[in-house]
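The values are calculated or read from the model by the stated rules, or taken from the named source; none is laboratory data. Just so it is clear, the structure is predicted and the values come from calculations on it, not from any experiment. Heads up, the Cβs are rebuilt from the backbone with ideal geometry, glycines too, and the neighbour counts pull from every protein chain shown. Each accessible area value is taken on the protein alone, full model and side chains, heavy atoms only, with ligands, DNA and RNA left out. Shrake-Rupley method; radii C 1.70, N 1.55, O 1.52, S 1.80 Å.
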Amino acid sequence: MTTTLAGGRAARRQTMRRIRPRRSPAVPLLLAVWAGAAGVLWLWWRDTPAVSGGADRILSAGRVTGLLAGYLMALVVLQMARVPALERRVGSDRVARWHATTGRYTLCLVLAHLFLVMWGYAARSGRGLGGIVAQTADSVTGLPDLGKAAVGTGLLLLIGLLSAGPVRRRLPYGLWYHVHLLTYAAVFLTFWHQLSEGNDFAVEPAARTAWYALYGSVTALVLWYRVLTPVRLNLRHRLRVLAVVEEAPGIVSVLIGGRRLHRMGAEAGQFFRWRFLAPGMRSGSHPYSLSAAPRPELLRITVKAVGDHSTGLRGLAPGTRVWAEGPYGALTARRRSRGKVLLVAGGVGITPMRALFETLPGAAGDITLLYRAGSTRDLALWGELAGIAERRGARLMYAVNGPDGERPDISAESLRRKIPDLDRHDVFLCGPPGFARSVHEALRGAGVPARRIHSESFAR
């Protein structure tokens with residue numbers, strides 16, 4: 001059994017909209033981040049007296065690494081807040097990369113701060129470099145806020161270790177996700193010693209006020225978008241599973257009903273984080289894209305069984321309550337800047353592409369979809385795609401392995417042969433990381449500018 005969703009009124013309205021590309025605010029945001037870092041350095045420079053002697057120089061270096069680490073900690077939490085301006089304008093995958101990079105810099109600065117400050121105090125007391133351990137023990141036990149900071153630093157080390165690529169890929173997603181939430185506790189525990197032990201905040205009330213404002217604003221955003229907004233969304237729309245149907249071997253669609261779902265603000269190409277309140281599935285929240293344009297009483301996700309959670313979706317009973325957070329993602333029609341569009345999907349990456357194929361504005365011949373799968377049996381939603389192509393006058397192509405397992409040629413040359421004016425297209429791309437990288441290289445080789453290749457990746 002497969003589902004077939006015909007184009008609804010909302011989808012038809014989308015196809016008639018004008019092309020109004022929206023630029024990403026990534027560059028202004030990065031400039032603002034660097035301006036904040038420059039302000040932290042200015043604070044350190046202004047409050048640093050003339051230093052004399054090796055111990056003072058070491059302590060001064062420890063102070064600046066501590067200030068920068070405290071600033072970046074606030075950014076780490078901000079990047080976890082799922083602020084719509086970031087998630088929908090910059091892109092969830094890009095924000096996730098910023099979060100990972102900021103987290104690595106933060107951890108390095110925290111360790112440098114700890115080492116330099118303890119070394120500096122050890123040098124002042126005549127212990128030298130070898131007395132760092134004893135100095136650390138004395139400081140942690142003698143200063144109350146440093147005890148909490150030590151626990152917070154330990155949590156940051158644990159999170160950093162479990163977030164390293166080789167370790168993270170071996171962990172169950174639910175375990176990694178919940179351990180990662182300890183970031184909030186780590187930041188809370190390390191915050192207080194910044195104010196009580198930081199000379200810059202002790203001598204500069206304005207700096208102390210600014211630090212409270214920074215952390216207070218970030219905390220407010222987290223509470224609003226991670227707690228209150230999801231509660232409001234789910235109380236208002238009351239989502240439940242309507243049915244689960246098999247689309248292709250190992251691929252199922254989950255039909256989700258609720259009230260006034262078209263008012264959730266979701267667009268084709270976006271995703272939600274889904275928590276199904278069924279036995280064994282309540283604790284995990286996973287991102288799945290919409291595989292059809294939102295209807296007033298229906299949402300649909302299509303998922304490939306690759307882990308415990310996605311495999312468990314097959315057994316969901318109708319009526320199961322659903323908790324959703326979102327919508328997230330910037331892989332929407334707002335990224336489009338040209339009249340013609342190529343959609344490229346690999347495997348279950350077809351889900352957001354199917355929704356875009358249905359709703360992207362365009363006349364006959366403007367929209368092309370290339371679907372890569374292992375075999376024709378793996379072409380999920382093919383009947384719907386064929387119907388959309390016929391109805392819209394769009395072009396639908398597939399690329400599957402040959403009878404002997406030979407992989408199809410998706411190179412710059414083959415793409416140019418199939419689509420001679422490819423360099424005048426926008427391209428939306430979704431699929432496994434390796435597939436996405438190879439197709440991106442082929443598109444660049446075919447003359448498509450990088451700014452017109454739009455993709456999001458949600459690989460762990």
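On C-alpha positions alone, give me the angle between the axis of helix 382-392 and the longest principal axis of the chain, in degrees, nearest 10.
The angle comes out at about 70 degrees.
Among the lysines, which have Cα under 17 Å from the Cα of residue 340 when same-chain residues fewer than 8 positions away are ignored?
Cα-Cα hits under 17 Å: 418.
Counting only heavy atoms of the protein chains, get the accessible area per residue of the chain (1.4 Å probe) and round it to a whole Å² value.
For the chain, the solvent-accessible area averages 48 Å² per residue.
Add -39500 (n - 2.57) for each DSSP H run of 4 or more in the chain, then divide by its residues: what number comes out at 222 nm, to the nearest 500 deg cm²/dmol?
Value at 222 nm, helices only, nearest 500: -15500 deg cm²/dmol.
Give the long-range amide H neighbours of residue 455: residues separated by 5 or more places, or on another chain, with amide H under 5 Å away, using H modelled in the peptide plane at 1.01 Å from N.
429
Take every DSSP beta bridge whose two residues both sit in the chain, then give the antiparallel share in percent to the nearest 5.
The answer is about 55 percent antiparallel.
Order 105-115, 398-408 from most to least packed using the mean count of other Cβ atoms within 10 Å.
Most protected by this proxy first, the peptides run 105-115, 398-408.
Assuming a ≥ b ≥ c are the square roots of the Cα gyration tensor eigenvalues, decide whether region 321-460 counts as rounded (a/c under 1.5), prolate (otherwise, with a/b larger than b/c) or oblate.
Verdict is rounded for region 321-460.
Take the solvent-accessible surface of the protein heavy atoms, probe 1.4 Å, and return the percent of it on the chain that carbon and sulfur atoms account for.
60
Tell me which aspartates and glutamates have Cα within less than 17 Å of residue 304's Cα, excluding those fewer than 8 residues away on the same chain?
Hits, sequence-local ones excluded: 246, 247, 378.
Binning at 10 angstrom from zero up to the longest distance, how are the C-alpha pair distances of region 132-196 distributed in percent?
It works out to 22, 40, 25, 13, 0, in whole percents.
How tilted is helix 205-222 with respect to the longest principal axis of the chain? Cα atoms for both, answer in degrees (0 to 90, nearest 10).
Compared with the principal axis, the helix lies near 30 degrees.
Give the separation of the Cα centroids, region 97-154 to region 236-274, in Å.
Distance between centres, Cα-based: 47 Å.
By its C-alpha gyration tensor, with a ≥ b ≥ c as the square roots of the eigenvalues, how is region 225-346 shaped: rounded for a/c under 1.5, else prolate for a/b larger than b/c, else oblate?
oblate
Roughly what angle does helix 350-359 make with the longest principal axis of the chain, taking Cα atoms, 0 to 90 degrees, to the nearest 10?
60
Summing +1 for each Lys or Arg and -1 for each Asp or Glu, what net charge is found among the other residues whose Cβ lies under 13 Å from the Cβ of residue 329?
Neighbourhood net charge equals +2.
Taking square-rooted eigenvalues a ≥ b ≥ c of the alpha carbon gyration tensor, is region 44-129 rounded, prolate or oblate, where a/c under 1.5 means rounded and, failing that, a/b exceeding b/c means prolate?
Prolate, since a/c reaches 1.5 and a/b exceeds b/c.
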